[in-house]
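Below you'll find the structure, written out as structure tokens, and then a few comments.
The values are calculated or read from the model by the stated rules, or taken from the named source; none is laboratory data. Here the structure is a predicted model, which is why all the values come from computation and not from measurement. Note: ideal-geometry Cβ built from the backbone for every residue, glycine included; neighbour counts use all protein chains shown. Note: areas computed on protein heavy atoms with side chains; ligands, DNA, RNA excluded. Shrake-Rupley method; radii C 1.70, N 1.55, O 1.52, S 1.80 Å.
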Amino acid sequence: ASADIQQRRFEFLKLLRLEPAITTVTLVGADGREMLRVSRIEADRLSSGFDLSGEPPFSAARTTRAHFSDVRFVAQTEPYLTVAAPSAARDGSVVIADVNLKFVRTVVSEIKVGATGYAYVVDARGRLVSHPEMSLVLQMTDMSRLPQVQAAIASGAPSQGFADDAHALDGAAVLAAYAKIAPLSWTVFVEQPRAEAI
């Protein structure tokens, strides 16, 4: 109903105000048709009827509690993630949100280890998702050549670990610890220069 769509639009607008990282929220009906799309970067759409039934976020959210896409770069500049989940209305509809991951950098940058230690996040392929130096993320830096990243993303690797023979991108020896974020297939690393730690 039109009144229901307007109420949901109001709720989506509140969500965008509360969560600056979310750029677009879409409500897809049980039939796979777009019912509502609210965005901070494009014009809103009400009852467009666009067929999204074949889109991976919709299909995945119909069979699981939540679906997280791979990280993608919009215009080769900003990392984004799509999150899809069944609607709280329990009517078969799905809510899909596009999340700007540059806001993850705020959290990652606050993690300090000693005087010069730092944290970063990679995806399942070892590609940088978040780092205190945003330029490395925007360059889509591949961290998979680092031994600690190779060990952590290898099939069957434990959910957390430690490496005392690791090295940073510049080749400096570091101590590295990692923990996986299972739903996203991401891994968080914390590293400290070996000389400082010892």
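Just a few scattered comments:
- Unmet criterion (only one of (1) more than 30 Å from ALA151 (Cα to Cα); (2) open to solvent by less than 60 Å² (accessible area, probe 1.4 Å); (3) under 18 Å from the mean Cα position of the chain (by Cα); (4) at pLDDT below 90) for PHE73: (1)
- Note on the range 29-47: among residues that are within 25 Å of PHE103 (Cβ to Cβ) and assigned to a loop (DSSP other than H, G, I, E, B), the one that is least open to solvent (accessible area, probe 1.4 Å) is ASP44.
- Matching strands (runs of 3 or more DSSP E) fully within the range 68-116 where at least 2 residues are over 30 Å from GLU133 (Cβ atoms) and out of contact with any Asp or Glu (no Cβ under 8 Å at 6 or more places or on another chain): 78-86, 94-100
- Of all residues in the range 133-157, those that are modelled with pLDDT of 90 or more and either under 25 Å from ALA197 (Cα atoms) or assigned to a helix (DSSP H, G or I) (or both) total 11.
- The one condition from (1) free of Cβ contacts under 8 Å to residues at least 40 places away in the same chain; (2) more than 14 Å from the chain's Cα centre (by Cα) that THR26 does not meet is (1).
- Residue check for SER93: touching a Pro at 6+ places or on another chain (Cβ under 6 Å), of a type in the set (Gly, Ala, Ser) and open to solvent by less than 40 Å² (accessible area, probe 1.4 Å): no
- Meets criteria (surrounded by 17 or more Cβ atoms within 10 Å (Cβ to Cβ), in contact with a Lys or Arg (Cβ under 6 Å, 6 or more places away or on another chain), among the β-branched types (Val, Ile, Thr) and not in a helix (DSSP H, G or I)) for THR26: yes
- Top-ranked residue of the range 48-67 - restricted to ones that are outside any helix (DSSP H, G or I) and farther than 12 Å from GLY32 by Cα, ranked as most open to solvent (accessible area, probe 1.4 Å): ARG65
- Of all residues in the range 72-106 being without any contact (Cβ under 8 Å) to a residue 12 or more places away in the chain and of a type in the set (A, V, I, L, M, F, W, C), the one that is nearest to GLU55 (Cα to Cα): VAL74
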